[in-house]
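What follows is a short report on a single structure.
Laboratory data are not the source of any read-out in this text; all were calculated from the coordinates shown. Computed from a predicted model, the values in this text were never measured in an experiment. Please note: Cβ atoms are built from the backbone with ideal geometry, for glycine as well, and neighbour counts cover all protein chains shown.
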C-alpha cells in the first residue's frame, strides 16, 4: 500500500521519470514486503517560480545519465576496440583493476596486460544492477560470461565474469573486474 | 531540492524507517544530481482505520529484514564453520556457484569443494552494496579480500573477492562468488 | 488509480471513518471506471491546534449518525408498534405520504389510515441505498417486500415496497412510501 | 473544515470533474456535519509519465457517463415512444419490473402490458438521486408524478411514481417501477 | 527543515509568487529558528475546474499590489510635488498625522502645514518593512533620513524619520509620520 | 481559498503553533485578497524518525520566543526602572537611538540623557506590529502615546511615539525611538 510522492522541479523527461519511478518503487520494496503493484509513485512537478528555498528560487539540474547505459556503451566500445570512444567516457583519476593486476589508470595499460592472455573477448550479459552509492558515485554491476580466443587461437566461452563500475557526473571513475579465466586455464 | 513523501501504514520501527529514508534518498540521487543534503524525505504514518483500498482497510506487513545484515551473519557463520546456523539462513531451492564450480545446492558440497583448495579462509570487507532486484529478491554485493592458509599451511592474504547474494523473504536463495585465487596460484 | 486524501479534525471514530472510506470510494466510482481495489483513501487527522481558518482554530463537530441505521431502527419500531420510540425519531415538521394519502404529519394518522387496510405488516429488506441530498438532508431508500394479514385474516406476502426517507441532524423529516398493495388487491 | 484531495490521471473534462467535486462533497457531508461551504475539494491531475504502480505507468480510463443523464434520456425516449432509441440504452440481461408484473426483459413486453392500462403517460419529475452501489452498478432514483389518459380517454394526473435504475458501463441493467395507479383506480 | 505548501488558484504571476515565497518564509522564521535556506516553499496551482468549496467552483481574485511599491510611488510623487498623482493613490477616508498636527485628510492641508517649516524636503531610505495587519490593511514602515532647506534657505540633512502607512485594496488609508525636525531645530 | 500546509518536526507547543497559524495567514493575505476566513492553515507534525535530509535525521530547534512579548517585557521593565532586568534582555552589541542622540549602547547612557528631559514617562500602547526581517532579526514596531512629568513637575500626556526593535535569538539588538516631545516643547 505504500504511496510515494516526489516533488521535483520541472525539466525531467519521460525516460528520466521512468527511472525515478523504478528506483523509488525498488527503494520501498527493499524494506516493505509489498508486491510491486501495491506501490504507487506520483511525481509532482513544479515550475521554478513555484519553488523556493530560503525565499529564493532554485533551478533544477539536468538529470544524470543512466549509469547502466554508460556502462553498456563503454563495454561495447571496448569490445569493438574503439579505444578513443571508451577513453572519452572515463573521468580524470580513473582507476581499474583486473584479476591479478595492480590498479591501472589507462586503457593502453589494460590492452598491454590483455595481449598475452587472449586474442579477443566478447561479453554475454546475464544482468545489470545499478544503485546509488553512499557518496556521489552511482554503482553498476554487470555480470555474464566471456567468450573469445586464447592467444593460440583456440576458442573459449561460458567463462563467468563480474564487473563493478563507479560513475560520477556521467563519467566512469573506477572499474573492478573479476572472472574465472585463471580458474579455467588452471583446469585446462 | 527533491522532496519525497512516503505514506505508510503504522508499524515500522525507527531502524526500518532509517533504511527507507536512505533507500529513497539514494533512489532520487541515482537520477537527480542533487547533493544528499538537498533531498528531503518525510514519512507519513497512518493507522489502519485511516487507510483503505476499495473501501476496505488493509493491514501492513512486518518489514523485511535488512539484507546486508543477513549476508553479514551468513558469512560470519560460514567463516566460523557454524554450518547449521548458516544452513538455516538458506531458502529452499538455494543455489550457489564458486569459481569453476557447477551450481551447488548445499553447504557440504561447498565444503567438499573447498577442502583441497585451502585450509581456511577469512574475509576482510571493503564494502557492501544492496538493492532491490526487479523481481521480489533483494540483491547484496559484498567485496573485499581473502586471507587464510593454503593446504600446505602457507599463508595467503589480499586476494580480491566479490560475492553476490539474492535474498527473498529473509532467506538467501542464491550466492555467486568470484575471486582471484586461481590467478594468484597461477602466478605463484 | 485514484487516490483520495481527506484532512479532518481529530475526533471521528473507526466506524465513522469506515463510512467516510466507503462514501469517498463510491463517490469516485460514480465517475471514474476504476475497480474498487484501484481506489485508495487516506484520512489525515489533525489536532485542533494544527488547523486554523482565518488564523483561528475551529473545533470539529461530532459525526452524523448513520442514516441507514436510523431508518432500520425506525422501521423496526413501527413494525413492533413501539409508536413512542418511533415518534421520538421524527423531526419537528415531519411529513409522510403513503399510497393514495395526503401528506400526514403524525404516526397516529398513519395508524388510522392503515387500520382498514391490513391487520399487520412486516418488511423483508432487499436493500438500502443512502446518499447525501443536495441540501442538508441525507436520503435513504429502502426496498423489499411486505407480508402480513389483510383485515379478513388472510395472509399476504411478497408485495413489493419502496420507502424513501429524508434525515436531518439525526431525525427523520420525511417519509414517502410506494407499494403494490392496491395492485395486488385489484388483481385479487 | 474537511479538505479532500483527489489525485487523478489527466484526461477528465470540466463536467466530469464537476461531478467528482459534487460527489466527494456529498460523501463527506453524509458523515461530517459541515455546511457545504466548509468542504473543500482539490483535484490534482497527473500526466501518465508522473504516475506509476509497481514501477509501471498506467493509463486512465474515460469517465463513466452521468447515470442521471442516461436515465433522463431513456425516460424521454420511452415517453416519445422512440423504442429503438430506448432499447439501445439497455444492457444485455436487462430486467424490469412494474407494479404487479413479473420481471420483463424487453420493451415490447412492457408495451403489451401497458396497452390495456393507459393510452399514454408522461412524467413530471420531482427529483433524481444518484449513487454508486456497492458493486459496479450506479443507482439512479427518479420520482415525480404521472399524467396521461386512461384507455377510455379520460385524463389523469398527479399520480406519484418512483423509478429505480441500475446502470453499468453506461447501459441500464435494471429498472424497478412503483406508482399509485392501482390505488387511484381503486379509489375511483 | 520546515516545508510550506501553498495551494492556490491559477492566475498569480511570477512576481506575485515571489512575494508569497518571501512572506511565507518570513512567517515561518518568526517562530522557528531555522536558517532561511532550511525553509522550503512549494506553490501548487489549481485550475478553476480543479477546486471547489461546497461543491461549487470559485474564481481567484487578482493579487493585491505590493504595498511597499505603493508607498515608494506615493513618496516619490510627494517629493516631486506631483500632488494629483499622489492624491490619486489615497483611499476615501484617508487620514494623516505629522509631528504635532491633528489628523489631516487632504494633501493641501499638509502642504499648508509644511510651508512655514521647510522649503523642500527629500528622503533617503534606510529600509522598508511590510506586513499584513490583523484587519484587512497592509502596513508599511519606511525609515531613513530627511534633507532639504529650511525656510531661510539653509540646508539640512541626516534628520531621522519614520513613516507608517496603512493600505487597503491598493489605496493608502492612513499615514503617520515621526521625525526629529523639532529636536534638531531645538538643538540649533 | 488558499490552503497552507506546514510540515514541521514535532516539539512546538500550542501557543507557538498559534503564532505560526497567524503568521502564515497574514503572509498569504499580504498578496492574495482573500478574507481571513478563506485561508486555511494545516500543520503536519513529524517525529524525528519520520524526517530526513540527506538520508539523515535532524532534530528540531526550540521555537523562538514571541518578539512582541519580549518588547512588552522590556518596555515594562524600563518604565518600572528595573534596569537590571531590562539590561538582561539586551544582546551583546546592542545599539539604541533616541530623538537627537547618537547611537548609545547601554541603558545608563539612556538614563543620563533622559534625566534633564523628563522626570518619568509612561507609555500607552496603540499597537504592536511584528515581522521577520530579511536577515535573522525579528522586527517589532510599537506605537502609542507618552505621558509623564517634565523636569519642572508639570504633567504631559498624549505625545505620540514610535519604537522600532530588532530581536535576534531572543535578545534585543537594536532600538530606534521617535516621538513628538521636541515638537510639543517647541509649541509650548
Exercise. What are the nm distances, shortest first, from residue D:93 to its equivalents in the other copies, labels at 7 Å along Cα→Cβ?
Worked result: 3.7, 4.4, 6.7, 6.7, 7.8
Exercise. Once you put a point 7 Å from the Cα of residue F:157 and another 7 Å from the Cα of residue D:82, both along the Cβ direction, what distance in nm separates them?
Worked result: 8.5 nm
Problem set entry | Hull volume in cubic angstrom per residue (convex hull over the Cα atoms of segment C:118-187) | 95 Å³
For this session: Kindly give the distances from residue A:105 to its copy-mates, label point to label point, with each label point 7 Å from Cα along Cα→Cβ, as nm values to one decimal ordered shortest first.
Result: 5.0, 5.5, 8.5, 8.5, 10.0
Seminar exercise, completed: What one gets for segment E:22-66 as the Kirkwood radius, inverse of mean 1/r over different Cα pairs in Å, is 13.4 Å
Problem set entry | Degrees separating the helix C:14-29 axis from the principal Cα axis of chain C, which is the longest one | 90 degrees
Seminar exercise, completed: Using the Kirkwood radius over Cα pairs of segment E:146-188, the Stokes-Einstein translational diffusion coefficient at 37 °C and 0.692 mPa s, in µm²/s and rounded to a whole number, is 270 µm²/s
Exercise. If R0 is 41 Å, what FRET efficiency do you get for residue B:10 and residue B:150 from their C-beta distance, rounded to 0.05?
Worked result: 0.15
Exercise. Of the residues B:123, B:56, B:85, which exhibits the maximal mean-square fluctuation in a Gaussian network model of chain B defined by a 10 Å Cα contact cut-off?
Worked result: B:56
Exercise. With springs only between Cα atoms under 10 Å, which of F:125, F:12, F:51 fluctuates most in a Gaussian network model of chain F?
Worked result: F:51
Exercise. Residue of B with Cβ nearest the axis relating B to F, plus distance in whole Å?
Worked result: B:44, 4
For this session: Compute the projected area of the convex hull of the Cα atoms of segment D:41-94, averaged over all viewing directions, and report it in nm² to one decimal place.
Result: 6.7 nm²
Seminar exercise, completed: Helix-only [θ] at 222 nm, chain B, -39500 (n - 2.57) per DSSP H run of 4+, per residue, nearest 500, equals -7500 deg cm²/dmol
For this session: For the protein assembly as shown, give the share of DSSP beta bridges that are antiparallel, in percent and rounded to the nearest 5; count only bridges with both residues there.
Result: 80 percent
Exercise. What are the label-to-label distances in nm, one decimal and shortest first, from residue D:124 to the same spot in the other copies, with labels 7 Å along Cα to Cβ?
Worked result: 3.7, 7.0, 8.4, 8.4, 9.8
For this session: Would you mind getting the Kirkwood hydrodynamic radius of segment E:66-157 from its Cα pairs, rounded to one decimal in Å?
Result: 14.5 Å
For this session: At 7 Å along the Cα-to-beta-carbon direction for both residue D:37 and residue F:136, put a label point, then send me their distance in nm to one decimal.
Result: 4.6 nm
Problem set entry | Sites residue D:117 and residue B:56 - FRET efficiency at Förster radius 30 Å, r taken between beta-carbons, to 0.05 | 0.05
Exercise. Based on DSSP, what percent of beta bridges with both residues in chain E are antiparallel, to the nearest 5?
Worked result: 75 percent
For this session: Scale the Cα Rg of the protein assembly as shown by the rule-of-thumb value 2.2 N^0.38 Å and send over the ratio, two decimals.
Result: 1.26
Exercise. On average over all directions, what projected area in square nanometres does segment B:25-181 have, based on the convex hull of its Cα atoms?
Worked result: 13.1 nm²
Problem set entry | Top of A:38, A:114, A:77 by mean-square fluctuation, Gaussian network on chain A, Cα under 10 Å | A:38
For this session: Compute the whole-percent fraction of alpha carbon pairs in segment B:1-111 spaced more than 21 Å apart.
Result: 59 percent
